Amino acid sequence: RLVHLDLKGAPPRAQYLEQVLPLLRALGATGLLLEYEDTFPYTGPLELLRAPHAYSPAELRALLDQARAQGMDVVPLLPFPLQFVLKHREFAHLREVKALPNALNPHKEESLALVKAMIDQVMALHGDLEWFHIGCDEVYYFGEGEESKQWLQQQDNTPEKLCLSHIKAVATCLASCYPTVTPIVWDDMLRGMSEETLAGSGVPQLVQPMIWDYAADIDVESKVQLIEKYRRCGFSKVWFASAFKGATGVSQSLTLIGHHLRNQLEWLQVASRSPADVLEGIALTGWQRYDHFSVLCELLPVAIPSLAVCLQALKNGGYSEKIKENVENLLGMSNLEIDTFMSTSLGTFPGSNILTLVTQVSFYLKSSVDELLERNRYVTGWFSPYHRKRKIIHPIIIHHFQPDALSLLSKWNAVVQDLQAAMEQVFHKCTIEEWMEENVHPSLQKLQQVVDDLEEA
C-alpha cells in the first residue's frame, strides 16, 4: 500500500513529512510513491530543473532513512512525459511537437541520454530500490512531431508501436544499469492495444503496469478482464492505483472522503476477483495538480482524514463503525464525517489546523461576502457600482451596512492570518501565495474595496 506524494505543487517542508510518516505507517501504509518532479535536488546540467524550494540531498536522505526505519518501501516516480523539463528553453529542442512541452521526442538520442541522466541522479540518492515508476501516462501529442510522422509512414509502423518502443527504451535503460530494479508504468497508454501488439513488443517482460481508476463506481468486470488480458500478454504482476485526493475537481479545495472511500472498496472487489499471485500492490494517489501547469487542488493536510479512511479500508478489507473509531483515534477527531465536508472536531494530526481553517474559508468566505454585497438591499439599492464609481451615498445609509462590512472584514482578516501562520509551518512561501491568490484574495479584495469606497464616499 504505497501512499503517493505528488510534489509538483505545494510540496510540504521536509520536517512536516517526517511528522506525518509515523501516522501513515500506523494507518497501514507500507511504502511511499514519491513524485518529485522539480523538487528533486538535481545537479550539474540538470540543476536548472530544480525549483527554488527543492529538497536538499540531506533532507531527502533523512526522509528516506526514516521511511526505511519504519519498514516502508520507497518508489520514486519520474513523470515521463517531462513537462517540467521541456518547459525550459534549454530543453525545448527535445520536444516532440516544437510548440508544446507535452512529450519528449523519442527519435533523438539526446532524449534518452536526458532520461538516463535523471534516472542516475535519482538512483544515486535512493540507493537500494526494488521498483522505479517511469510514468508514461496521458502522453498527449506523442507521435505528432515531424520525425514521428515520417517514422509512421514506414510500413507496419503504428502509434502503438511508437509508444511501446519508447517505453521499452526507457525501461531497458533502467534495467541495463540497475538490473535488480523493476520499472512500473501507468497503464492507460496500453489498455486499448491489441494482445498481439503488446505481447510482441517485449514490454511485458520489462515492466509492471499500474492500472489506475479514481472513480467511485469502477467497472469491476472490465478491470478483471483487463488484468487477464495483461497476464496473457506476458506481464507477470500488476499494480492498482486508487486516489485519496486530487481526482474530483481541478481546483477542489476540500476532499470528498466518501467518493474516495467508495473508490477503494471498488478496488477491493477487483482484487477479490483477480488471481491471488497477480497483484503486486496498490498506490493511493494524491494528486496536487492535474498537470504541471494547472492550479493546486486539495492540500495534503486537508486530505489526511481521507487518506486515513482509505488506508484503513484497504488494510482491513472494508469499512465499518469499528474501523471508523480507529481512524478517529489515530487522527484525534471525535466525529469524522465522510459524506459531508464538515468536520465538527479539530483533530490532533499534523496540519489539522490547516484543515479546520481551509474548511472555514471554503465554506463561508465567498458566501458571506456575496451575501453582503449582492443580497443586502442597502448595498444593492444605495451603494451600487454606479454610486461607488461616483462616491455618492446618503449619509444615513452608511449606518445600515458599514458596521457589518467592517466586522466581516476584520473577522476574515483574522482567519486568513491564522491560516497563513498554520501554512507557514508546512509549506513554502510560493505555495501559500498561490493558494491565497486562488482561494482567498478574490472575495477578500472585493470586500476591502467596498469598505474603501465607503470610506471615500
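Could you work out the relative contact order of the chain? I mean the mean sequence separation of Cα pairs under 8 Å and 6+ apart, divided by the number of residues, in percent. Before the final figure, lay out the partial values.
Details: 723 pairs, mean separation 64.5, N = 457.
RCO, the chain: 14 percent.
For Lys322, which lysines qualify as cross-link partners when the Cα separation must be under 29 Å and same-chain residues fewer than eight apart are set aside?
Correct list for Lys322: Lys245.
Pull up all non-local amide H partners of Gly31: gap of 5 or more, or a different chain, and H-to-H distance under 5 Å with H placed in the peptide plane.
Val3, Asp73
Once both axes come from the Cα atoms, what is the angle between helix 429-439 and the longest principal axis of the chain, in degrees from 0 to 90, rounded to 10?
60 degrees
Using θ = phi - 60° and the Karplus relation 6.51 cos²θ - 1.76 cosθ + 1.60, list the HN-Hα couplings for the stretch 298-315 in order, rounded to whole Hz, with x at every Gly or Pro.
For the stretch 298-315, the Karplus curve yields 3, 6, 3, x, 5, 9, 4, x, 5, 4, 4, 4, 5, 4, 5, 5, 5, 5 Hz.
Collect residues whose amide H, placed 1.01 Å from N in the peptide plane, falls under 5 Å from the amide H of Phe427; neighbours closer than 5 in sequence don't count.
Arg13
Mind ranking Val295, Val3 by accessible surface for me, highest first, 1.4 Å probe?
Descending accessible area places them as Val295, Val3.
Let me make sure I get this right: for the stretch 191-261, a, b and c are the square roots of the gyration tensor eigenvalues over alpha carbons, sorted descending. Under 1.5 in a/c it's rounded, otherwise prolate if a/b > b/c, else oblate. Which is it? Don't skip to the answer; put the middle values down first.
Details: a/c = 3.03, a/b = 2.43, b/c = 1.25.
It comes out prolate by the Cα gyration axes.
From the phi of every residue in the stretch 347-357, what ³J(HN,Hα) in whole Hz does the Karplus formula 6.51 cos²θ - 1.76 cosθ + 1.60 yield, where θ is phi - 60° and glycine or proline is x?
Residue by residue, the stretch 347-357 yields x, 10, 6, x, x, 5, 5, 5, 4, 4, 6 Hz.
Could you run the Karplus curve 6.51 cos²θ - 1.76 cosθ + 1.60 with θ = phi - 60° over the stretch 8-23 and give me ³J(HN,Hα) per residue in whole Hz, x for Gly and Pro?
7, x, 6, x, x, 4, 4, 4, 5, 4, 5, 6, 7, 3, x, 5
What percentage of all Cα-Cα pairs in the stretch 279-427 are separated by more than 19 Å?
Values: 7300 of 11026 pairs.
So the portion of pairs separated by more than 19 Å is 66 percent.
Can you give the convex hull volume of the alpha carbon atoms of the stretch 79-206 per residue, in Å³? List each step's numbers first, then the result.
Working: hull volume 13.4 nm³, N = 128.
Enclosed volume per residue, from the Cα hull, is 105 Å³.
For each pair in Lys116/Lys149; Lys411/Lys446; Lys8/Lys223; Lys8/Lys149; Lys161/Lys229, compute the distance between the two Cα atoms and list the pairs where it is over 23 Å. Let's see the in-between values first.
Numbers: Lys116/Lys149 25 Å; Lys411/Lys446 15 Å; Lys8/Lys223 29 Å; Lys8/Lys149 31 Å; Lys161/Lys229 18 Å.
Flagged as over cut-off: Lys116/Lys149; Lys8/Lys223; Lys8/Lys149.
How much mean residue ellipticity at 222 nm does the chain get from its helices, if each DSSP H run of length 4 or more adds -39500 (n - 2.57) and you divide by all residues, to the nearest 500 deg cm²/dmol? The partial results should precede the final answer.
Numbers: 18 runs with 229 residues, N = 457.
The per-residue figure over the chain is -16000 deg cm²/dmol.
Give the accessible surface of the chain per residue, rounded to a whole number of Å², with probe radius 1.4 Å and ligands, DNA and RNA excluded. Kindly include the intermediate steps, with their values, before the conclusion.
Numbers: 19680 Å² over 457 residues.
With the other protein chains kept in place, the chain gives 43 Å² per residue.
Could you tally the net charge around Arg390, taking each other residue with its Cβ under 12 Å from the Cβ of Arg390, Lys/Arg +1 and Asp/Glu -1? Could the numbers behind the result be given before it?
Working: positive: Arg388, Lys389, Lys391; negative: Asp453, Glu456.
Taking every Cβ under 12 Å from that of Arg390, the sum is +1.
Expressed as a whole percentage, what fraction of the accessible surface of the chain belongs to carbon and sulfur atoms when a 1.4 Å probe is rolled over the protein heavy atoms? Present the calculation step by step, with values, prior to reporting the outcome.
Details: 9910 of 19680 Å².
With neighbouring chains kept in place, the figure for the chain is 50 percent.
Which of the trypsin sites (Lys or Arg not before Pro) found in the stretch 29-124 are in a DSSP loop and have at most 12 neighbouring Cβ atoms, other than their own, within 10 Å?
Counting only loop positions with at most 12 other Cβ atoms within 10 Å, the trypsin sites (Lys or Arg not before Pro) in the stretch 29-124 are Lys98.
Rounded, prolate or oblate for the stretch 223-348? Axes are the square roots of the Cα gyration tensor eigenvalues, ordered a ≥ b ≥ c, and the cut-off for rounded is a/c under 1.5.
Details: a/c = 2.81, a/b = 1.47, b/c = 1.92.
Since a/c reaches 1.5 but b/c is at least a/b, the shape of the stretch 223-348 is classed as oblate.
Over 10 Å intervals from 0, what percent of Cα-Cα pairs in the stretch 2-339 sits in each interval?
Over the stretch 2-339, the share of Cα pairs per 10 Å bin runs 5, 25, 35, 25, 8, 1, 0 percent.
With the cut-off at 20 Å, report for the stretch 353-456 the share of all Cα pairs above it, as a whole percent. Mind dumping the intermediate values first?
Values: 2255 of 5356 pairs.
Every Cα pair in the stretch 353-456 considered, those over 20 Å come to 42 percent.
For Met210, enumerate residues with amide H under 5 Å from its amide H, sequence gap 5+ or separate chain, H modeled in the peptide plane.
Amide H neighbours of Met210: Val185, Trp186, Asp187, Trp239.
The values are calculated or read from the model by the stated rules, or taken from the named source; none is laboratory data. Keep in mind the model is a prediction, meaning the values are calculated, not measured. When we count neighbours, we look across all protein chains shown, and the Cβ atoms used for this are built from the backbone with ideal geometry, even at glycine. Side chains are part of the model used for accessible areas, which takes the heavy atoms of the whole protein and leaves out ligands, DNA and RNA. Shrake-Rupley method; radii C 1.70, N 1.55, O 1.52, S 1.80 Å.
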